[in-house]
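Beneath this line is the structure, given in structure tokens, with notes to follow.
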Amino acid sequence: MPFDYLWQFMNFPITNQEFYSHNTKIDRSKLFFDFDKEISLYETMDEIAKLEASVVRIEAMGVKNAMIFDRLAWKKRQLEYLKMKKNIDDFSVITNTYNVAINEMNEFIAFRNKHFKPEITDAQLKSKIDIPKERLIECQKRLKDFVLYDQQNQPTLDSFKKGLELALEQFGEHEKFVTEYLKKTKTLRKMMFYKKL
């Protein structure tokens, strides 16, 4: 008797109570279950979605003994572990993208301090500010969908968000400088490095 009725391969699955009562006759008054379609859908799911769906189905059939309870508890532990791991992985992607952007910003600042020497094209100069800014905006977008799994890490997340906002603010200042710089002639461009901002 499968704990998860998906694997009964029946259009009218029997409950655990029916199984233990030896009442296994097909009951067509039940809601029709298209197991072929559900298995096809199951195969497209990630591991978290598979476990979540399985937990729901097991609970729906009734937890009638210790064996079912243990299996359900194991699935729930697996589910918690995978959710936490995914949360950590998702945040790692965001922080890695952020770190790349900050490194690129530092490279830009060093380049600006050298008065944009050696010379590069205007398009290359613009990309030096656009690319890291796009990375930071991507971090912001990802954070909007990010749900913190462990609330103990809330201070870390809040601190990261503040750092991201500050970095974007600094990028705005550099972007403004580059926009003005690109509008000017070569002679006027040189003067921008010496005037007070």
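Values in this text are rule-based calculations from the coordinates and carry no lab data. Treat the numbers as computed from the prediction; the structure is a model and nothing was measured. Reconstructed Cβ throughout: ideal geometry from the backbone, glycine too, with neighbour counts over all protein chains shown.
Please enumerate the residues belonging to the stretch 109-124 that are touching a residue at least 24 places away in the same chain (Cβ under 8 Å) and out of contact with any Leu (no Cβ under 7 Å at 6 or more places or on another chain).
Ile109, Arg112, His115
Picking from Leu157, Leu166, which residue would you name as being surrounded by 11 or more Cβ atoms within 10 Å (Cβ to Cβ) and aliphatic (A, V, I, L, M)? Step through it out loud before you land on a result.
Numbers: Leu166 fails: surrounded by 11 or more Cβ atoms within 10 Å (Cβ to Cβ).
Result: Leu157 is the single residue among Leu157, Leu166 that is surrounded by 11 or more Cβ atoms within 10 Å (Cβ to Cβ) and aliphatic (A, V, I, L, M).
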